[in-house]
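Remarks on the structure that follows.
The values are calculated or read from the model by the stated rules, or taken from the named source; none is laboratory data. Quick caveat, the model's predicted, so the values are computed rather than measured. Note that each Cβ is placed from the backbone with ideal geometry, even for glycine, and that neighbours are counted across all protein chains shown. Side chains are part of the model used for accessible areas, which takes the heavy atoms of the whole protein and leaves out ligands, DNA and RNA. Shrake-Rupley method; radii C 1.70, N 1.55, O 1.52, S 1.80 Å.
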Amino acid sequence: MAQGTVFVVGAGPAGLFAARKIAAAGYEVVVFNRDIKPGGLAEYGIYPQKFHMKAGLRKQFFKFLEMPNLHYFGNVPVGQNAPLAISELQHWNPMAVVFSVGAQGTKKLGLPGEESKGLYSAKDFVFNYNQLPPFTSMDFSVGRRVAIIGMGNVMVDIARWLLQDMPGQKPEEVTVIARRGPFEVKFDEKEFDHIEMHLDRQVMQDELRRVEERIRACDQDISKVPDTSFPWLKRPPSRPAEGRLTFRFLSSPSAVIPDAQGRITRLTAIENLLLRKGDTTVSKFTDQTTDLDFDTLIYAIGDVVDPTLGLPYEKGSYITNPDPSGAERAAYEVFDSQTGKVLEGQFVVGWARKASDGLVGKARFDAEQGCNHVLKYLAEAPQKTAPTASEIAHELARKSLRFIDKEAVRLLARAEEAQAKAHNLPAFKFSTNEEMLAAIERERAASAPRQAPVGDTEAA
Ligand SMILES: Cc1cc2nc3c(=O)[nH]c(=O)nc-3n(C[C@H](O)[C@H](O)[C@H](O)COP(=O)(O)OP(=O)(O)OC[C@H]3O[C@@H](n4cnc5c(N)ncnc54)[C@H](O)[C@@H]3O)c2cc1C
């Protein structure tokens with residue numbers, strides 16, 4: 001029987017699949033998670049209307065939490081500016097620590113005027129509409145003309161939200177801004193099907209003609225666009241929809257111009273050329289710019305990891321072992337470039353290892369592959385003794401941390417299910433931590449065995 005305790009920091013898909021794998025090998029696993037609920041982006045990133053997918057993942061994750069040697073502490077952020085530092089985790093003497101904190105840093109372009117109001121990162125915007133506190137309570141106001149930078153699936157989700165599901169006044173036009181051309185889209189056809197009815201076919205044809213000559217330099221032919229990346233152009237919209245979706249290709253943002261209130265009013269975009277580089281294409285700035293009117297701008301260009309976690313960090317990533325032999329294990333080992341040494345027993349998996357890389361299946365694969373190496377490490381590592389989960393709970397309480405255990409997660413799920421049922425909704429979420437904590441307490445009180453009033457008999 002394996003002995004020892006492994007800490008997992010972050011309970012998104014990568015962390016939960018990692019925790020399950022290590023627990024299944026017989027180790028005690030203690031998971032620390034920033035959010036009250038487990039699930040990460042499966043809970044707070046995946047599009048709200050994908051009820052079945054989200055419920056399926058939640059069910060799977062809840063099953064993992066049933067493992068008796070897998071312990072959960074939600075509402076416990078780890079990091080340099082967080083209540084629990086990595087050094088404090090290490091002080092508890094775990095055999096290994098697996099970091100699966102996802103990509104919580106924000107990628108910016110460093111544009112003049114980038115501090116203007118009305119500019120959001122896709123991650124934060126998505127957290128807001130998926131009701132992750134504290135983003136739920138922040139201002140993500142949207143105007144009539146929205147620019148989304150980037151052409152991936154996250155762009156599609158955001159356009160779908162803006163044009164279809166966002167409550168209140170929806171934008172008149174959403175424009176996708178892309179540094180390359182119509183053949184370099186990154187979204188899946190199945191995802192774009194959700195918004196194709198908004199695509200303004202006429203404006204799209206005009207846009208293709210506008211970039212025709214520049215993309216021909218890469219042997220790209222705009223007449224092939226409907227047969228390849230935009231099959232929707234071959235047919236009329238499946239239903240006429242309000243809210244136009246347009247594209248602006250070969251354009252890179254270079255400055256944000258705010259109005260007198262400090263909100264974006266225009267975006268200056270550089271006109272790009274398209275060049276061939278091996279079997280791919282790259283964009284190249286020209287000296288021409290165009291000013292475009294927007295009152296909202298959302299970056300959907302992928303994220304970086306959080307530099308304040310406390311792991312060695314460089315250029316948006318945590319540093320892993322650059323082992324020249326190319327051993328697979330090295331890619332998961334945290335590396336201190338100052339000392340030139342691997343940080344013994346510390347591993348990264350999932351989006352914490354490779355930011356914004358792929359779907360849940362990929363995060364799972366990465367976590368499980370990484371854990372093969374963690375398990376090999378554990379088999380040879382010196383034995384260490386960490387506090388038990390209840391001793392850790394005691395320590396967290398001593399630090400006045402209001403942590404959430406597995407039982408509380410189940411009570412919260414029950415409270416939210418009851419709300420969904422009561423309001424005839426497919427799903428319901430409390431949108432602040434206070435509401436979640438209060439709901440847990442109500443459920444706990446309701447499910448506590450009732451004290452028999454004094455004088456009651458057992459007869460009933
Ligand atoms: C907008 C969007 C839509 C998506 N839609 C889909 C989809 O439809 N289908 C699909 O398969 N995939 C989708 N994905 C991709 C999928 O969400 C990711 O592949 C997956 O969630 C990555 O898992 P992860 O565990 O590495 O990171 P995350 O899911 O980000 O999990 C990170 C976890 O770490 C915790 N954490 C963060 N910082 C700390 C800290 N300092 N201390 C403690 N805990 C911390 C967080 O609370 C979170 O629980 C989508 C992604 C996005 C952004």
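Figures for the structure shown
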{"read-out": "Residue list for the range 60-82, filter: within 10 Å of the ligand (Cβ to nearest atom) and open to solvent by 60 Å² or more (accessible area, probe 1.4 Å)", "value": "Gln80, Asn81"}
{"read-out": "Long-range neighbours under 7 Å by Cβ, at least six apart or interchain, first residue within 21 Å of Lys384 (Cα to Cα) within the range 7-22, second within 6 Å of the ligand (Cβ to nearest atom) and at pLDDT 95 or above", "value": "Phe7/Phe32; Val8/Gly15; Val8/Ser100; Val9/Phe32; Val9/Val78; Val9/Ser100; Val9/Val101; Ala18/Ser100"}
{"read-out": "Search result, residues across the range 11-38 that are within 13 Å of Leu65 (Cβ to Cβ), in a helix (DSSP H, G or I) and more than 9 Å from the ligand (Cβ to nearest atom)", "value": "Ala19, Arg20, Ala23"}
{"read-out": "Residues being under 18 Å from Ser87 (Cβ atoms), open to solvent by less than 70 Å² (accessible area, probe 1.4 Å) and not charged (D, E, K, R) - total across the range 336-354", "value": "6"}
{"read-out": "Where Ala260 falls short, out of the listed (1) within 19 Å of the chain's Cα centre (by Cα); (2) in a loop (DSSP other than H, G, I, E, B)", "value": "(1)"}
{"read-out": "Subset of the range 196-211 (residues that are hydrophobic (A, V, I, L, M, F, W, C) and either outside the structural domain of Ile177 (by TED's automatic domain parsing) or closer than 21 Å to Arg160 by Cα (or both))", "value": "Met197, Leu199, Val203, Met204"}
{"read-out": "Every residue from the range 294-318 that is within 24 Å of Gly152 (Cα to Cα), surrounded by 18 or more Cβ atoms within 10 Å (Cβ to Cβ) and over 16 Å from the mean Cα position of the chain (by Cα)", "value": "Phe294, Asp295, Thr296, Leu297, Tyr318"}
{"read-out": "Filter result for Lys406 (modelled with pLDDT of 95 or more and within 16 Å of the ligand (Cβ to nearest atom))", "value": "yes"}
{"read-out": "Number of the condition not met by Val225 [criteria: (1) in a helix (DSSP H, G or I); (2) under 22 Å from Val154 (Cα atoms); (3) open to solvent by 30 Å² or more (accessible area, probe 1.4 Å)]", "value": "(3)"}
{"read-out": "Enumerated helices (runs of 4 or more DSSP H) restricted to the range 98-193, each holding at least 3 residues that are in contact with a Ser or Thr (Cβ under 8 Å, 6 or more places away or on another chain)", "value": "122-129"}
